[in-house]
1. Given (1) touching a Gly at 6+ places or on another chain (Cβ under 7 Å); (2) within 26 Å of B:A222 (Cα to Cα); (3) part of a loop (DSSP other than H, G, I, E, B), where does B:F39 come up short, assuming only one miss?
2. Are any residues in the range B:239-253 surrounded by fewer than 21 Cβ atoms within 10 Å (Cβ to Cβ) and either modelled with pLDDT under 85 or polar (S, T, N, Q) (or both), and if so, which ones?
3. Take the conditions within 9 Å of chain B (Cβ to nearest Cβ), at pLDDT below 85 and either part of a helix (DSSP H, G or I) or within 25 Å of A:R196 (Cα to Cα) (or both) and apply them to A:I240. Does it pass?
4. List the number of the failed condition for B:L89; all other conditions in (1) of a type in the set (A, V, I, L, M, F, W, C); (2) crowded, with 19+ Cβ neighbours inside 10 Å; (3) more than 24 Å from the chain's Cα centre (by Cα) hold.
5. Just for the range A:280-296: of the residues that are touching a helix residue (DSSP H, G or I) at 6+ places or on another chain (Cβ under 7 Å) and more than 11 Å from chain B (Cβ to nearest Cβ), which one is surrounded by the fewest Cβ atoms within 10 Å (Cβ to Cβ)?
6. Looking at the structure I just gave you, is B:I173 within 14 Å of chain A (Cβ to nearest Cβ) and buried (at least 19 other Cβ atoms within 10 Å of the Cβ)?
7. Answer with yes or no whether A:I224 is touching a Lys or Arg at 6+ places or on another chain (Cβ under 8 Å), more than 16 Å from A:W97 (Cβ to Cβ) and more than 11 Å from chain B (Cβ to nearest Cβ).
Amino acid sequence: MGAFLVKRMLFAVVTLFAVLTLVFIVIRIVPGDPAQVILGDQADATAIAALQKRLGLDRPIWEQYVTFLTGAIRGDWGVSLVTGRPVIREILDVLPWTLELTAVSMVLGTGIGVPLGVWAAINRNRMPDYLTRIGSLIGLSFPPFVSAILLLIIFSLALRWFPVISGNRATPWAWFQSIMLPALNLGLIMAAYITRVTRSAMLEVMQEDYVRTARAKGVPWSVIVWRHALRNALIPIVTIVGLYLGILIGNSVLTEIVFNRPGLGKLIIGALNQRDYMMLQGMMVIYTLIVVVVNVLTDLTYALVDPRVKLS
Amino acid sequence: MSLSVHNALPATPPRWPWLHNTIRAFNANKTSWLGLVIFVMVTLLAVLAPWIAPHDPLEQNVFAKLKEPFENYYLGTDYYGRDIFSRLLYGAQISLVIGIASTVLALVIGSIIGILAGWYGGRFDIIIMQTMDMLLAFPSLILGLILVAMLGPSMTNIILAIALTSIPSFARIARAPTISVKQREFIDAGRALGFSDTRLMVGHILPNIFPEILVMGSMWLANAIRTEASLAFIGLGVKPPIPTWGGMIREGFENILDSYWLVLSPSIAILVVVFGLNILGDGLRDAIDPKLKGER
């Protein structure tokens, strides 16, 4: 298991460097001069030169790359061009909001998706199976901002159960009220996905010899399903939950906008609108970090779920 | 979930294997025909928009702002007094053009990468696929919106950005079946006859893995349409006043407190198209997935 983890960690570090390099390239392949883009068409040459100097764009490309990499590792991601505050501070200020939303959504998504998937699989080609399949396909068809707006119309505007603007931590009840709709939005879309993965993983596992053996031995059906089969089906599910994080982060951007909730989503949209180039670079670094950390966590979960991983 | 190659390919490949396989896949699950019908109908509405739209989608009627349906304004008017129904029809054009162009682009580039990686294997394969995995790990919407924001929200740039985010998935899908098909006898036979690598890949690998790529294509078309709408909702779509579904929802959302129905029709339009494409892809996938074959 130790060797496995060391290998995965090494891969994570390589990924981190590769994606940081990608971020560096993406920001620089943009046609035109970033300083010109930031300042607009009317800017004069001195202002552009000054900004280029401030951004370090006047230095050779390899030097910019080294500065960027060492800065990224040390947590020095430059200063926001709009507020003048360090990028890392701006990001850390709102990060908990996004993490909390993502975490609650993941719990909802797996908590709803896995049981539904199991239910569909053990009722294969019967009504529960058809219902969950259609339901999950509908869920998968929702662009996250559309479902968010519909939830907002139904539960905030029509029924008035939840506040229109989310992001309140005054009391536990206010917190619950403000996180519930956005988390439900992300969680339901995720559940649609997880249901399908769980269903097909379960269908595969249920055909295995040991399931037949267990049935022949007279092991209770519920024990076979939940302990024997699901335990083995969990491996692909864990992979998908880990991979899904990329989608979840994208969806949370849209959800945060609709519910007017503080977080990385609102920060990145603000940075895009104001052409805050340093902020964008920093945000891509933080997204990369999150993805790499989650990949490592996914690998750790493998080791917990699947004892065979320890051997490899 | 995994898409691998057919277990039972016919001993002598039919004359048009890809067409044969495609039709067989459609017939195996009838719901895929329903998805195809939805998609074809939406495409027809989009193509025929200039003839069936009752109004010019850009024409502003200051006397009919934010109206509920009346006369031949079947779905009412928006904040500028423009006909929502006509804007929906023209918006379908943008969604479909961007969706189809970006998916075809990603499908072609991704399949080439995947087939090459699967065919040559070894270190080349490892490097290519690790790169693809890294791209896959990065949140695609974030990558897409940064690319569009940096390149500028033009139709070409949106197509490029969406295509770029889906290339890795196509590469993965094309690679797996390539690896198993290349070990089959007819490839050895081709080699013995002195066929070039290119001829084997284009003439013999591609037709055999085509159904799987096609299924992926319909799923990713749904995804591309969703992404385009999301970008437009954020404000990174084709520039207004050109109607896009995401843009219409964005404008409607600004007036959501007093006229919430503005967001409903474009929302339903997106849902119907994406759902249609999803059941199309879903049905096809069941049909070609060997693990599920023969069990229905």
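The values are calculated or read from the model by the stated rules, or taken from the named source; none is laboratory data. If you're wondering where the values come from, they're calculated on a predicted model, not measured in any experiment. Note: ideal-geometry Cβ built from the backbone for every residue, glycine included; neighbour counts use all protein chains shown.
1. (3)
2. B:K239, B:P240, B:P241
3. Working: within 9 Å of chain B (Cβ to nearest Cβ): yes; at pLDDT below 85: yes; either part of a helix (DSSP H, G or I) or within 25 Å of A:R196 (Cα to Cα) (or both): yes.
When the stated conditions are applied, A:I240 passes them.
4. Here B:L89 clears every test but (3).
5. The selected residue is A:V296.
6. So B:I173 fails the test.
7. Working: touching a Lys or Arg at 6+ places or on another chain (Cβ under 8 Å): yes; more than 16 Å from A:W97 (Cβ to Cβ): yes; more than 11 Å from chain B (Cβ to nearest Cβ): yes.
The answer is yes for A:I224.
For (1) outside any loop (DSSP other than H, G, I, E, B); (2) farther than 20 Å from A:R28 by Cα, each residue gets a yes or a no:
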residue	(1), (2)
A:I48	yes, no
A:L51	yes, no
A:R54	yes, no
A:R59	no, no
A:F68	yes, no
A:A72	yes, no
A:E90	yes, yes
